[in-house]
Amino acid sequence: MAKEGHKYIFVLGGVMSGVGKGVVTSSIGLLLQQKGYPVNLVKVDPYLNVDAGTMNPTEHGEVFVLRSGLETDQDMGNYERFLGRDLTNDDYMTSGMVYQSVIARERALGYGGKCVEAVPHVRDEILRRIESAAAYNGSRISVIEIGGTIGDFQNALFIDAARVLKMQHPEDVLFVMVSYLPTPGTLGEMKTKPTQTAVRDLNSYGVQPDFIVARSKEAVDEKRKEKLAISCNVPKDHVISAPDIGSIYEAPLNFEKDKLGDSLLDSLRLPEKRRASLAAWKKFALAAVNTKAPEINIAVVGKYFDTGSFVLADAYLSVIEAIKFSAAKLHRQAKITWVNSKDLEKAGPKVVTQMLGKFHGIIVPGGFGETGIEGKIKAIRFARERNIPYFGLCYGMQLMVVEYARNVLGLKDANTTEIKKSAADPVVDVMLEQKKHLADNKYGGTMRLGVYPAYLKKGTMARAAYKKELVEERHRHRYEINPAYVKQLEEAGLVFSGTSPDGVLMEIAELPRSEHPFMLGTQFHPELQARPLTPHPLFTEFIRAAIKRKRRK
Ligand code: GLN
């Protein structure tokens, strides 16, 4: 049963995917929230993986970890960044999750001897999940994005569930179709036909869009709006033009100009509680696209570079955004350069200097496996010896410790056992409880995931950045700093400035400021909690150090 008076907005894609359904969903969420309605955003992913944790980031983009530890799609990260709050497990579903619940219930005789079928049982489970997300946290409006496009065979059950909800609650459910209007180079004219066809496809499910968000290179003109309105059966003022923009953070501002928020509320028969307060957002969005702000050059040294440069941004999405937020706060624009760790591996000292010497800051982000590892370690050594601000995220912290052990402590065969099981000095080792998971091939959802507390040591950079003693950060890893080496590393000058409350797990490593302007690594992923209006303090300190580096040079 749907929650009494609760409203649902489904966001569906027509024509092709990748044109910004996620941004539309996030923007609608922000607008309605700023107009006084508590909102929750739901991502539906049609694939059969139970969660996103087992997917390669080059193919599917970054794995975004919720506070709870659920490994989800990168869109969830955008949702959280736009709403400025944490989302929950209920806000994410995959076909795999849905089927897993149905099958588990069938095995437990939960269907009382009935034949269990896609319709109605799988569809009902989808509806149950949408309801359970709606029930959470006093939400008044759910905005639900269905991944992929309308035409995808695998989306049929999700669209059918949405149709049923609309049939049962005609006044409470809206459909927003995000479509694409191509302008073929040979014609030089924007075409509406693919959108018309996509609407017809949607109609064949028994669903009529209430709004069409028309994505295109240039703004959609009145003539084409009229054409879409007439042929797609949508009021003209519900055809929203969404041309390409400089940054996704401008989208809600443009939609507000087009009164999308008001029209949605009207259509849902909800009064506007207040004008959307977007002043702080606007200030941030303008700072984020200010091309006049001085540049700061940041190298991200990673390995997920195989499928062409356009995937990079997706594989490290939250890292890029976290850098941008802190740069905008400090009135800088960050220019990010991807450095392939595999190329560094082959490079001699001269080439390493050429490749890295020009940067004001170096980041080694999270990662898995041995590809490009020695290249990352080279980059870390370079940053340490040349006093270039360095920020290591998860793997980037573990490798920072390996580098320190090798080159400062002189433990030449120091390594992480992820790379070399027989290392003479396993300074990074698999966590005890992880050994069994690996032995049993239990990879899905078994890492150390989600939020854990850490205590910060007085007098450290970490403590000064956060300005508090106890922090909570999100994790995703199987390996940790080997406790057997902590004392030695500390004696050699490395400071573990953040630890688990029992003092066993090292959560932050840094060099004292007297030794290096900013050399810090975190076992967690700070980028997952960086938000436009509340940039992450460690990223901000890193960028601050990079600014100083630029000045000194
Ligand atoms: N591969 C490392 C581990 O499992 C680091 C993981 C990461 O960077 N997220 O511990």
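Values in this text are rule-based calculations from the coordinates and carry no lab data. Computed from a predicted model, the values in this text were never measured in an experiment. Methodologically, a virtual Cβ is constructed for each residue, glycine included, from the backbone with ideal geometry; neighbour enumeration extends over all protein chains shown.
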Checklist line | FRET efficiency, Ala135 to Arg200 (Cβ-Cβ, R0 25 Å, nearest 0.05) | finding: 0.10
Notebook entry, point to check: To the nearest 20 debye, what is the magnitude of the charge dipole of the chain about its Cα centre, counting +1 on the Cβ of each Lys and Arg and -1 on the Cβ of each Asp and Glu?
Noted result: 1900
Next item on the list: Show which lysines lie in cross-link reach of Lys193 when reach means a straight Cα distance below 29 angstrom and same-chain residues fewer than eight apart are skipped.
Entry: Lys21, Lys43, Lys166, Lys217, Lys223, Lys225, Lys227, Lys236, Lys257, Lys259
Notebook entry, point to check: Taking the DSSP beta bridges in the chain as the whole, what percent of them are antiparallel, to the nearest 5?
Noted result: 30
Next item on the list: Find out how many positive minus negative residues lie around Lys21, taking Lys and Arg as positive, Asp and Glu as negative, among other residues whose Cβ is under 14 Å from that of Lys21.
Entry: -3
Next item on the list: Decide, for the range 382-469, between rounded, prolate and oblate: order the square roots of the alpha carbon gyration tensor eigenvalues as a ≥ b ≥ c, take rounded if a/c falls under 1.5, and otherwise choose prolate if a/b is larger than b/c, else oblate.
Entry: oblate
Check: For the chain, what Kirkwood radius comes out of the mean inverse Cα-Cα distance, in Å?
Finding: 25.0
Check: How many nm separate the modelled label positions at Lys191 and Asn407, each set 7 Å beyond the Cα in the direction of the Cβ?
Finding: 5.5
Check: Among the lysines, which have Cα under 16 Å from the Cα of Lys420 when same-chain residues fewer than 8 positions away are ignored?
Finding: Lys376, Lys412, Lys435
Next item on the list: Please label the shape of the range 312-376 as rounded, prolate or oblate, based on the square roots a ≥ b ≥ c of the eigenvalues of the alpha-carbon gyration tensor (a/c under 1.5 means rounded; beyond that, a/b larger than b/c means prolate, else oblate).
Entry: oblate
Next item on the list: In whole Hz, with x marking every Gly and Pro, tabulate ³J(HN,Hα) for the range 275-283 from phi via Karplus 6.51 cos²θ - 1.76 cosθ + 1.60, θ = phi - 60°.
Entry: 5, 4, 9, 10, 4, 5, 4, 4, 4
Margin query: Can you list residues from other chains, or at least 5 along the same chain, whose modelled amide H is less than 5 Å from the amide H of Ala414?
Written below: Asp425
Note to self: Can you give me the convex hull volume of the Cα atoms of the range 150-212, divided per residue and expressed in Å³?
What the structure shows: 78
Margin query: Per residue of the range 147-157, what does 6.51 cos²θ - 1.76 cosθ + 1.60 with θ = phi - 60° give for ³J(HN,Hα)? Whole Hz please, x for Gly and Pro, Karplus curve as stated.
Written below: x, x, 10, 4, x, 5, 3, 6, 8, 3, 5
Notebook entry, point to check: When only C-alpha pairs under 8 Å and at least 6 residues apart count, what is the relative contact order of the range 73-213, in percent?
Noted result: 18
Next item on the list: Rank the residues Tyr37, Tyr136 as a footprinting-exposure proxy: fewest other Cβ atoms within 10 Å of their Cβ go first.
Entry: Tyr136, Tyr37
Notebook entry, point to check: Which ³J(HN,Hα) values, rounded to whole Hz and listed in residue order, are derived for the range 46-54 from phi using the Karplus coefficients 6.51, -1.76 and 1.60 in 6.51 cos²θ - 1.76 cosθ + 1.60 with θ = phi - 60°, glycine and proline given as x?
Noted result: x, 6, 8, 4, 6, 9, 8, x, 9
Next item on the list: Order these peptides, 373-386, 268-281, by their mean beta-carbon neighbour count within 10 angstrom, highest first.
Entry: 373-386, 268-281
Checklist line | Only Lys, Arg (+1) and Asp, Glu (-1) charged, at Cβ; the range 422-525 dipole about Cα centre in debye | finding: 320
Notebook entry, point to check: Which value, in debye to the nearest 20, gives the size of the charge dipole of the range 210-356 about its Cα centre, when Lys and Arg are +1 and Asp and Glu are -1 at the Cβ?
Noted result: 420
Check: With the contact rule set at Cα under 8 Å and sequence spacing of 6 or more, what percent relative contact order holds for the chain?
Finding: 15
Check: If amide H atoms are built 1.01 Å from N in the plane of the peptide, which residues on other chains or at least 5 residues away come under 5 Å of the amide H of Ser497?
Finding: Ile508, Ala509, Glu510
Notebook entry, point to check: Tell me, what is the FRET efficiency for Lys282 and Asn441 to the nearest 0.05, using R0 = 56 angstrom and their Cβ-Cβ distance as r?
Noted result: 0.65
Checklist line | Signed unit charges on C-beta, dipole axis of the chain, positive-most listed residue Ser326, Ala423, Tyr452 | finding: Ser326
Next item on the list: Run the numbers on the range 152-230 and let me know its relative contact order in percent, using alpha-carbon pairs under 8 Å that are six or more apart.
Entry: 33
Next item on the list: Report the equivalent ellipsoid semi-axes for the range 511-553 in whole Å, largest first, defined as the square roots of five times the eigenvalues of the gyration tensor built from alpha carbon atoms.
Entry: 21, 15, 6
Checklist line | Average silhouette area of the range 290-417, convex hull of alpha-carbon atoms, in square nanometres | finding: 8.2
Checklist line | Most to least packed among 508-516, 227-235 [average Cβ atoms within 10 Å] | finding: 508-516, 227-235
Next item on the list: Set the Förster distance to 22 Å, then compute FRET efficiency between Ser17 and Thr58 from the Cβ-Cβ distance, nearest 0.05.
Entry: 0.85
Next item on the list: Of the options Val176, Ala162, Met190, report the single residue whose Cα projects farthest towards the positive end of the charge dipole of the range 146-206 (beta-carbon charges: Lys, Arg +1; Asp, Glu -1).
Entry: Met190
Notebook entry, point to check: What aspartates and glutamates sit close enough to Lys35 to cross-link, taking a C-alpha to C-alpha distance under 16 Å and skipping anything fewer than 8 places away on the same chain?
Noted result: Glu256, Asp258, Asp262, Asp266, Glu272
Next item on the list: Starting from the range 383-470, pick out the chymotrypsin sites (Phe, Trp or Tyr not before Pro) whose DSSP state is loop and whose Cβ has at most 13 other Cβ atoms within 10 Å.
Entry: Tyr443
